[in-house]
Number of protein chains: 2
Amino acid sequence: MTKPSHFPTPEDAENAFYEAVAKGDVDALMLTWAEDEEVVCIHPTGVRLADHALIRESWRNIFASSRLHVRAELVAHWQGMLLAIHHLTETLFLGDSPEPQGTLHVTQVFSRGAHGWRLVNRHASPIGDGHEEPAESTAHTLH
Amino acid sequence: MTKPSHFPTPEDAENAFYEAVAKGDVDALMLTWAEDEEVVCIHPTGVRLADHALIRESWRNIFASSRLHVRAELVAHWQGMLLAIHHLTETLFLGDSPEPQGTLHVTQVFSRGAHGWRLVNRHASPIGDGHEEPAESTAHTLH
């Protein structure tokens, strides 16, 4: 068994998560998830998994069926002492294709525990039409 | 202008949010959102709004087109000093219909500021087929 990693910041845990995805390494991926807290993973298919073993199994299946590369862009974040939330846009690439296969809204919650920062919640859902803020934005009326 | 409300707990802010939805009261709804922080609202259509005025406009449109009642069930939560994350299942009802019109996975992030706890992030997405944990669950192999 690989020893639990210690992630000093939420960003370290997040980087390790995406590296594990790029490698298709489910053991490395699961080390980025907290083991002693509630965990929830919502896949873009709308399936929710609230159990470490089920999350592992789902990613094992994903890695078995496709080689995935994810480009993640941070959109907003909120940082506390014990919790951090990152909101990102993910662009998915399959195999060696340079063509994006899809884009996702992703909310990831990290919790600081005995092993540093770990994922406790990942909520991913497809980006819909009109996800760009509308041109007739009322933003200009803001201070 | 209504004065900002003070929500002593994340639950108070969340209850006020759902009461405002039930009343179709966009002013009351927007009082549950933080005004001095980044805010992000992702509707189940996959549209992301990252601006107070755009979020207001989107809910005004929702309330203008339908009378909505939401039954929210807390699934998991993570609580810090300054941040709280609630993960819920929402069941939507339209008008007086007793038939649910849809179900959503919802992640809501609350931040504690000058006016107590306020929403900073709401991520809603449709529940997909197979959202129930599979019967062939590997959960029984867990401790």
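Only the coordinates and a few stated rules stand behind these numbers; no lab work does. The structure presented is a predicted model; accordingly, all values stated were derived computationally and were not measured. With ideal geometry, Cβ positions are generated from the backbone for all residues, glycine too; neighbour counts draw on all protein chains shown.
A simple count of charges around A:GLY80, restricted to other residues whose Cβ falls under 11 Å of its Cβ and scoring Lys, Arg +1 and Asp, Glu -1, yields +2. Model label sites at A:GLU19 and A:ASP96, defined 7 Å from Cα along the beta-carbon direction, differ in position by 2.5 nm. Helical content alone sets the calculated 222 nm signal of chain A at -7000 deg cm²/dmol, taking -39,500 (n - 2.57) per DSSP H segment of four or more residues and averaging over every residue.
Computed from phi, the 3J(HN,Hα) profile of segment B:92-104 under the Karplus parametrisation 6.51, -1.76, 1.60 (θ = phi - 60°) reads 9, 10, 10, x, 9, 5, x, 7, x, 9, x, 10, 10 Hz, with x in place of Gly and Pro.
If R0 is taken as 30 Å, the Cβ-Cβ distance between B:HIS69 and B:GLU35 corresponds to a FRET efficiency of 0.65.
With a cut-off of 12 Å between beta carbons, the residues surrounding A:VAL109 carry a summed charge of 0, where Lys and Arg count +1 and Asp and Glu -1.
Relative to the dominant Cα principal axis of chain A, helix A:52-65 is inclined by about 70°. Over all other residues within a Cβ to Cβ distance under 13 Å of A:PHE93, the charged ones net out to -1, with Lys and Arg as +1 and Asp and Glu as -1. Can you give me the angle between helix B:10-23 and the longest principal axis of chain B, using Cα atoms only, in degrees from 0 to 90, rounded to the nearest 10? Helix B:10-23 sits roughly 80 degrees off the main axis of chain B.
For chain B, give the share of DSSP beta bridges that are antiparallel, in percent and rounded to the nearest 5; count only bridges with both residues there. Don't skip to the end; give the middle numbers.
Working: 33 of 38 bridges.
Taking every DSSP beta bridge within chain B, about 85 percent pair in antiparallel fashion.
Would you mind pulling out the separation of the Cα centroids of segment B:21-92 and segment A:46-82, in Å? Cα centres, segment B:21-92 to segment A:46-82: 23 Å. Each other copy places its own label point for A:GLY80 at 0.7 nm from this one, sorted shortest first, where the point lies 7 Å along the Cα-to-beta carbon line. Chain A residue nearest the axis that carries A onto B, by Cβ, with distance in whole Å, is A:SER125, 2. With the cut-off at 1.5 for a/c, could you classify chain A from its C-alpha gyration tensor as rounded, prolate or oblate? Oblate, since a/c reaches 1.5 and b/c is not below a/b. Relative to the other identical copies, B:HIS69 shows label-point distances of 5.2 nm, where the label point lies 7 Å from Cα along the Cβ direction and values run shortest first.
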